[in-house]
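Below is one structure, written out as structure tokens; comments come after it.
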Amino acid sequence: GQLPPAKKLANAISFAVSGGSNHPQTTAFGLNFNRKLVSTSGQKSYVTPALDGAATVLRLETYLTRPAQDPTLDTPWAADVELSLNLWLCGDGIDVLSSAVVITDNTYDSKESELSSEAGVRLAAAWMDLNVYGPRSLLAIASADELSKEELKSLKEEALQSSTLPAHLLKKCRPFKWYAENINPHVKLSKEEAANNAFTEDAPKQPQEKRRPSKPLDPERLEIVQKAAPVDIVEKIVMAAGQAPHLGAKDSSGKLGYIHDETALRKNHPNLDLTNKGKLCAKGDSNYKMLTEKVMVEFSAHEAAEKAAESGTKPRAKIFCSVYSIAKNHHKLSSIHETWGPKCDGFMVASDQTNPALHTVNILHQGEEEYNNIWQKVRSIHAYVYDNYYDKYDWFHIGGDDLYLLVENLRLYLESEEIQVAANGGEYLPNGDETEQFPLFLGRRFAEQGDMERIFVSGGGGYTLNKAALKLLVTEILPIHFPNLHTFAEDVMVAGGLRKFHVLPYDTKDEAGGERYMPFQPGHHMTYRFPEKNPEKDWYYNYSINIKFGLDHCAARSVAFHYIAPPLMRRMHAILYHFCS
């Protein structure tokens, strides 16, 4: 709904630009607007509907937490318009101090700041009711009047199907109507313009019918899903910075406030080191047998999903991958960089030392950097990921630096009808416009000391959270669930906290009963059998839940393996991705 009138907190100040007008020339819209004189500490200031980019001062927190951040708006003008709408509709507006004048550089090329038709349409699609507002609102300054109605409609559809278009802004901000009525009434369409509005739908959209999956969830999985309450995934709750576990990160020089570029590895990654290809491709052992006779990467389904995403039919699930490590183990990371790490949409190594070349981030946490304090380290990792990447990704996987992830298989699993239905409450497939989601906690289930009431997910091989689970964990659970405890059992702690909110580990076995998330190497699961004598003394026997043995243990489309040293990681990758063929 609408937000109450904002108090003036001077979150954004734009300085006047030197010019011949009686009023500060402050707007990049090129439209008339209602100037309102405001008194700020004795100085005159004018309300302005938009920044013009010459000079603006705003609070860092305001900038970092703005709801709309469209990465495709890469020109100054487009970025200024988006920031202006963020400030007016989601914040406290913008004031211009007429007593502070900025003289702009006359050599500045104004063409660099032109708003393209594509950018104008994206802004309109993100912020406006396109049946009420149209070309005059944003597109008149985007040379969109040069385009035909069909071309504008095509741009609109392309924008609405884009995975990077800011969504659900009405859930976070004031409606554009408020801006038009209070700040800039000239953006409304006249009757004639409304009649010719290229964005007006020919007929109102009918609500989509609920769709059931081809196969319903089994009763056990349905019960797990429906124990929890749905979580709003649109509104991001801003947590108090500087308070544990939201302590932030330091850059390589030790300066606080570092935000890691999580896309760097995907954009630029090393190739697999095949120097010792003979060793990598050696045959005959149990690892080779499991990886050639059972476990596989589902290339055909992955390629089909990629083509569907490219055509705009169905976007891919976006996965953020976190690995926790320490500086003395950084020698292990090159094998991750060469193999599965670049396949994640976002990737980060949480460590005690920041090194952009290694994609490591020094995330601060309570207590010492030691194995017996991993709980505090993981608390801070989840907080850092939520604070900086929550809006960009759909799923969040975390595990140790000896984890091997089959990302194609994980992504296909997360996109499957089963998981989509589970995240939507267990009965219907999502339509794509949902604002709530049921929290899912995916991984290898263990029963603590054999207690089926205390099931947790093994941490080393990693677990996967959807947006609802991550938000619930960070905003509701971490502040209250053993916030000062020092322990290595972070996986037990995470499960215990989620259990308080009735979020239980989801059963991730495949239809044949094979496990998708593995706590050990492939060869271990190939050869392991329960002890014949005194099996109750074997922790794995006590903790396991209805497991199978040999080739049957692992799902064909397995997702993760643990205790994978760098040589084995490269070998697994060479075998699975056919470098040995």
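For the set Lys279/Lys537; Lys156/Lys250; Lys279/Lys467; Lys283/Lys332; Lys227/Lys548; Lys156/Lys215, the pairs lying more than 31 angstrom apart at their alpha carbons are Lys279/Lys537; Lys156/Lys250; Lys279/Lys467; Lys156/Lys215.
For the pair Ala240 and Glu158 in one chain, pulling the backbone fully straight at 0.36 nm per residue adds 25.8 nm over the alpha carbon distance. Between Asp391 and Ser416, the modelled label-to-label distance comes to 3.3 nm, taking each label 7 Å out from Cα in the direction of the beta carbon.
In the full protein context, segment 217-314 carries 61 Å² of accessible surface per residue, based on a 1.4 Å probe and ignoring ligands, DNA and RNA.
Using the Cβ of Tyr324 as centre and a radius below 14 Å, the other residues enclosed give a net charge of -3, where K and R count +1 and D and E count -1. Net length available on complete extension from Ser300 to Arg454 is 51.6 nm, with 0.36 nm assigned per residue and the Cα-Cα distance removed.
Can you tell me the FRET efficiency between Asp232 and Ala264 if r is taken as the Cβ-Cβ distance and R0 is 35 Å, rounded to the nearest 0.05? The computed FRET efficiency comes out at 0.65.
Quick one: grab the alpha carbon gyration tensor of segment 411-555, order the square roots of its eigenvalues as a ≥ b ≥ c, and give me rounded if a/c is under 1.5, else prolate or oblate depending on whether a/b is larger than b/c. Because a/c hits 1.5 or more and a/b fails to exceed b/c, segment 411-555 counts as oblate.
Loop-located GluC sites (Glu not before Pro) across segment 354-396 with a Cβ neighbour count of 14 or fewer within 10 Å are Glu368, Glu370, with loop assigned by DSSP.
At q = 0.14, 0.19 Å⁻¹, what log₁₀ I(q)/I(0) does a Debye calculation on the Cα points of segment 308-406 give, no solvent, two decimals? Log10 of I(q)/I(0), two decimals: -0.54, -0.92. Using the Karplus relation 6.51 cos²θ - 1.76 cosθ + 1.60 with θ = phi - 60°, the per-residue 3J(HN,Hα) values for segment 406-418 come to 8, 5, 4, 5, 4, 5, 5, 5, 5, 8, 5, 4, 4 Hz, with x marking Gly and Pro.
State the antiparallel share, in %, of DSSP beta bridges confined to segment 314-364, rounding to the nearest 5. Rounded to the nearest five, the antiparallel share is 10 percent. Each Lys or Arg adds one and each Asp or Glu subtracts one; over the other residues with Cβ under 14 Å from the Cβ of Ala308, this totals 0. Could you run the Debye sum over the Cα atoms of segment 207-319, one equal point scatterer each and no solvent, and tell me log10 of I(q)/I(0) at q = 0.20, 0.21 Å⁻¹, two decimals? With no solvent term, the Cα-only Debye profile gives -1.23, -1.27. Rolling a 1.4 angstrom probe over segment 487-531 with all protein chains present gives an accessible area of which 60% lies on carbon and sulfur atoms. Sorted largest first by accessible area at a 1.4 angstrom probe radius, with every protein chain in place, the residues Met493, Met296, Met572 fall in the order Met296, Met493, Met572. The separation of segment 450-470 from segment 274-320, counted between C-alpha centres, amounts to 24 Å. Per-residue SASA remark: His397, around 0 Å² accessible (1.4 Å probe; ligands, DNA and RNA not included). Distance from the C-alpha centroid of segment 66-92 to that of segment 333-375: 31 Å, rounded to the whole angstrom. Shape descriptor for segment 480-562: Rg over Rh equals 1.03 (Cα atoms; Rh from the Kirkwood inverse mean 1/r). Counted by Cβ distance under 10 Å from Val378, the other residues give a net charge of 0, where Lys and Arg count +1 and Asp and Glu count -1.
The values are calculated or read from the model by the stated rules, or taken from the named source; none is laboratory data. Worth saying up front: this structure is predicted, and the values here are computed from it rather than measured. Positions of Cβ are backbone-derived with ideal geometry, glycine not excepted, and every protein chain shown enters the neighbour counts. For the accessible areas, the whole protein counts, side chains as well, though only heavy atoms, and no ligand, DNA or RNA atoms are used. Shrake-Rupley method; radii C 1.70, N 1.55, O 1.52, S 1.80 Å.
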